[in-house]
Amino acid sequence: YVTNLEVSEEFYTTVFGFEVVRRWKEMEVSTDGKNYKTVPTNGIYLRGSNGMHLEFIQKDGKDGRQVIQEPINHFAIHVDDVEKTYKDALKSGAKPVFERNPIMYLKIGEFSVINTQIIGPDGERIQILKVLKK
């Protein structure tokens, strides 16, 4: 959920190159698959060139969000150039998570990545990474 759909759309399309696949202002909801009720809901569905998909639904304020999402710490987006994407994100309004050493290399056995983390336009924590060795 996001509080400003336009800001999130601009951020993710500009910084990460996502494209808008679908946009809506209402949806039909049913509990039995037969009787539907129209609910006003603004949303967008985005697709990245690497196959990643994101869906954003606008909720004014943080009070309307589902509690189940609270434990999620972050999500990761794979990019070709971590440093460039990081700089583009900051120019587009993101905040750095790690001020002193923003770009880090991580190894877990043979698996290694270059990565950083940012805070997105709605307070979401995003890991930007590139896999170096699987």
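The values are calculated or read from the model by the stated rules, or taken from the named source; none is laboratory data. This structure is a prediction, so every number in the text was calculated from the model and none was measured. Please note: Cβ atoms are built from the backbone with ideal geometry, for glycine as well, and neighbour counts cover all protein chains shown. What goes into the accessible areas is simple: the full protein's heavy atoms, side chains included, and nothing from ligands, DNA or RNA. Shrake-Rupley method; radii C 1.70, N 1.55, O 1.52, S 1.80 Å.
Which one of GLU70, GLU83, GLU124 is of a type in the set (D, E, K, R), at pLDDT 85 or above and under 17 Å from the mean Cα position of the chain (by Cα)?
The match here is GLU124.
Please enumerate the residues belonging to the stretch 102-134 that are farther than 24 Å from TYR1 by Cβ, open to solvent by 30 Å² or more (accessible area, probe 1.4 Å) and β-branched (Val, Ile, Thr).
ILE103, ILE108, VAL131
Can you find, within the stretch 86-101, the residue that is nearest to GLN117 (Cα to Cα) among those that are open to solvent by 80 Å² or more (accessible area, probe 1.4 Å) and either touching a Gly at 6+ places or on another chain (Cβ under 7 Å) or modelled with pLDDT of 90 or more (or both)?
Looking at the filtered set, the residue picked out is LYS95.
Looking only at residues in the stretch 35-54 that are out of contact with any helix residue (DSSP H, G or I) (no Cβ under 9 Å at 6 or more places or on another chain) and part of a strand (DSSP E or B), which one is least open to solvent (accessible area, probe 1.4 Å)?
Among those residues, the one meeting the criterion is THR41.
List pairs: first in the stretch 9-28 and of a type in the set (Asp, Glu), second at pLDDT 95 or above and part of a helix (DSSP H, G or I), Cβ under 9 Å, 6+ apart or cross-chain?
Note: pairs meeting the criteria are GLU19/THR13.
Got at least one residue in the stretch 26-45 being more than 29 Å from ASP80 (Cβ to Cβ) and in contact with a Pro (Cβ under 7 Å, 6 or more places away or on another chain)?
So far as the stretch 26-45 goes, yes, one or more of its residues are more than 29 Å from ASP80 (Cβ to Cβ) and in contact with a Pro (Cβ under 7 Å, 6 or more places away or on another chain).
In the stretch 1-34, which residues are among the aromatic types (Phe, Trp, Tyr) and in a helix (DSSP H, G or I)?
Passing the criteria: PHE11, TYR12.
Pairs under 7 Å by beta carbon, first residue under 12 Å from PHE11 (Cβ atoms) in the stretch 78-98, partner open to solvent by 70 Å² or more (accessible area, probe 1.4 Å), six or more apart or different chains?
Sorted first by the residue in the stretch 78-98, then by its partner, the pairs are SER92/THR14.
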